[in-house]
Amino acid sequence: MIRDTTLGAKLWAVAVWSLVGFFVINLLAMIATVVTSSFATRWLGTWLPLGWTTRWYTSAWNEFQLWDVLIVTFQVVGLVVLISGALGVTAAYALARRDFAGKRLLVLLFLLPLLIPPITFGIPLATVLYQTGLAGTFWGVVVANLVPTVPFVILVMIPFIEQIDPKVEAAARVFGANTFKLFIHVLLPLLLPGILAALLLVLVRTIAMFELTFLVAGPTSQTLVVALYYAVFAAGVRAVQSIDAMAVVYMATTLVWLVIALRFVNPTQIVTRAKQQPAH
Amino acid sequence: MEALAPTTRVEHGPSLRQRLAAKGFDAVTLLAVPAAIFSLLLFVYPFAFGFVLSFEPKNGGWLANYQRFFSDSYLYDTIANTLWLSVPVTLLNLLLAVPVSFRVRLMRRQRLLTTILVLPITLGTVLVAEGLLNYLGPQGWFNRTLVTFGILDQPMRLVHNYWGVFASLVITGFPFTFLLTLSYVTGIDPALEQAAATLGASAWQRFLHVYLPLLMPGFAITFCLSFVQAFSVFPSAVLLGEPAGSTRVISIAAYQAAFEEYDYSMASAVAMIMGFVQLAIVVLVLASRGLFYRGPASGAKG
């Protein structure tokens, strides 16, 4: 790699790093504001709150029925992960192993829900779901969240399956494995790291998926992020600290899974999908 | 696998199953069917349904929704409002992301930085909006710091206006743009730059004459993806902006039509217009991509 040593290049490097520093400091300070506020007794017009308390967590827990919301969130996320895994991995296997007419069209069909923002296709989707009576129910939320996650799993898994040598499968066939045995004893162990990575990313994305859940959720099928939106939207009804406590609960649920996911995937994969696959 | 299937009937000509298998259609291909049906039912069908529905207005002729949208300034202004937010934000994010990714590509340990930058993307726009409400507010740490250092006399008004939404789009959009740009920049073979440096090109010349032409297609795609994200801004425009004024974006108009007026036909029309504007900008940007070099530049790294 070339290193420039002129004064201009050094100044430029300093400028670029200050920019990154400025961004990161503001980002972390924003998160710190939420956390500080959630533990504050009273925080008006000073650098730090006057006192510290944890009572906002109890009040947020009761006021926003966080226990019910968390249960719904994990049920939705769990089902979305399982179903998108089942639909996505099988389809990815077919697309990785076979070349057929219309394959490009099929890949485009799976690419579009990831490129088009959820709010654009969410409104027609919500309209259809309201007409079928699915919207407002628990299953409506699951179905809506599956629309971007199934293609996501497919596109993450295709390169991962492609790098597994088909000869391994052929060898298993020669030794008399049927399709089920082939899947359980050969494919699943080989694909597990990729499946795990893809599903963890689906999990993190689904917890944070606001638009689709917001458009189809009813009062009893809200996930945490939608409940948080309504709480902020109706700010003034509840104490600010109470909403912040809820935001901290939301951050904690997301970040726990993010930390687990980052043990298996490169952070850039969360954005650029299947650029680099871990070599296993 | 099908290759191992008995081929006893060859003398009668290949069976339908064999002919299909030769074209790549066999039991394995069928595994793609459930996901394809799912996407057709829940992605393509709703879009087609919404498209047709937008031409079946509650009252008036078949174009009434679109006529209403383009004759009511409260509605058609949303396009300008959204563009006025999303285009500058996307350009700024891309402009900042390029030098930063050129610097970061030289780093050995990028993981900490990329992890920090992934935070706002995973936390999502709702949380960023909620955090910025406090942080950028008149009593927040941001204004307080500026006043303490004497940069400002009075706290600036940064929330419930254009700049609040702008800030939230930078916080969530910059990491997204940066990580995409980084993957394009690291995909270019460093040998090309070394060759240019050997021939005496300065850093600026190497960027302008070697990297920029090679990266233009990647930048075009990054711009499109970031723009489409910014154009569909919704929660932060409501929570951090003035949803009735300068940040009344097109997704708010679509949402209000659907869930406040219960006019799904009108809402579909607005969603179609939103999709169309996004498509128009994307096509425009990608079409200009053809003006630049397209070819191999990645060397060994794929």
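Every read-out reported here was derived from the displayed coordinates using simple, explicitly stated rules and does not represent laboratory data. Everything numeric in this text was worked out from a predicted model, so none of it was measured. No Cβ is skipped: glycine too gets one built from the backbone with ideal geometry, and neighbour counts run over all protein chains shown.
Odds and ends about this structure:
- Debye log10 I(q)/I(0) at q = 0.12, 0.16, 0.27 Å⁻¹ for the stretch B:180-265, Cα point scatterers: -0.58, -0.72, -1.22
- With contacts taken as Cα pairs under 8 Å and at least 6 residues apart, chain B reaches a relative contact order of 26 percent.
- Kirkwood hydrodynamic radius of the stretch A:116-210, Cα pairs, Å: 15.8 Å
- Most fluctuating residue given options B:Ala22, B:Ala129, B:Ala195, as computed from a GNM of chain B linking Cα atoms under 10 Å: B:Ala22
- In order through the stretch A:69-76: 3J(HN,Hα) via Karplus (6.51 cos²θ - 1.76 cosθ + 1.60), integer Hz, x for Gly, Pro: 4, 5, 4, 4, 4, 6, 5, 4
- Computed from label points 7 Å out along Cα-Cβ, the spacing between B:Arg108 and A:Ser59 is 5.1 nm.
- Summary: within chain A, the longest segment free of chymotrypsin sites (Phe, Trp or Tyr not before Pro) located in DSSP loops with at most 14 other C-beta atoms within 10 Å is A:48-174.
- Shape of the stretch B:123-220, Cα gyration tensor, a/c cut at 1.5: prolate
- Charge dipole (chain A, unit charges on Cβ, about Cα centre) - positive-most of A:Leu115, A:Pro166, A:Ala32: A:Pro166
- Dipole of the protein assembly as shown [Lys/Arg +1, Asp/Glu -1 at C-beta], most positive-end residue of B:His209, A:Val80, A:Leu50: B:His209
- Net charge over other residues, Cβ less than 15 angstrom from the Cβ of B:Ala237 (K, R count +1; D, E count -1): -3
- Two-decimal ratio, the protein assembly as shown, of alpha-carbon radius of gyration to 2.2 N^0.38 Å: 1.04
- Taking all pairs of distinct alpha-carbon atoms in the stretch B:1-145, Kirkwood radius in angstrom: 23.0 Å
- Our estimate of slack between B:Phe276 and B:Asp153, defined as 0.36 nm per intervening residue step minus the Cα-Cα distance, is 39.8 nm.
- Chain A shape via C-alpha gyration tensor axes, a/c threshold 1.5: oblate
- Alpha carbon Rg of the stretch A:30-109, scaled by the compact-globule rule 2.2 N^0.38 Å: 2.03
- Karplus-derived HN-Hα couplings along the stretch B:13-27 (A = 6.51, B = -1.76, C = 1.60, θ = phi - 60°), whole Hz, x at Gly and Pro: x, x, 6, 4, 4, 5, 5, 5, 4, 5, 8, x, 9, 8, 4
- Over the stretch B:75-291, the ratio between the Cα radius of gyration and 2.2 N^0.38 Å evaluates to 1.18.
- Once exposed loop chymotrypsin sites (Phe, Trp or Tyr not before Pro) are cut out (DSSP; at most 12 other Cβ, 10 Å), longest piece of chain B: B:150-261
- Cut-off 18 Å (backbone N to label point 7 Å along Cα→Cβ of A:Leu44), residues of the stretch A:217-249: A:235-244
- Long-range HN-HN contacts of A:Ala40 with modeled amide H, under 5 Å: A:Thr53
- Computed over chain A: relative contact order in percent, which uses C-alpha pairs under 8 Å that are six or more apart: 28 percent
- Coupling constants for the stretch A:214-221 follow from the phi torsions by the Karplus curve (6.51 cos²θ - 1.76 cosθ + 1.60, θ = phi - 60°), and in residue order they are 4, 6, 10, 6, x, x, 9, 10 Hz; glycine and proline get x.
- Computed Kirkwood radius, in angstrom, where 1/r is averaged over Cα pairs of the stretch A:71-158: 13.9 Å
- Over the C-alpha atoms of the stretch B:59-163, the Rg to Rh ratio, Rh being the Kirkwood estimate, stands at 1.13.
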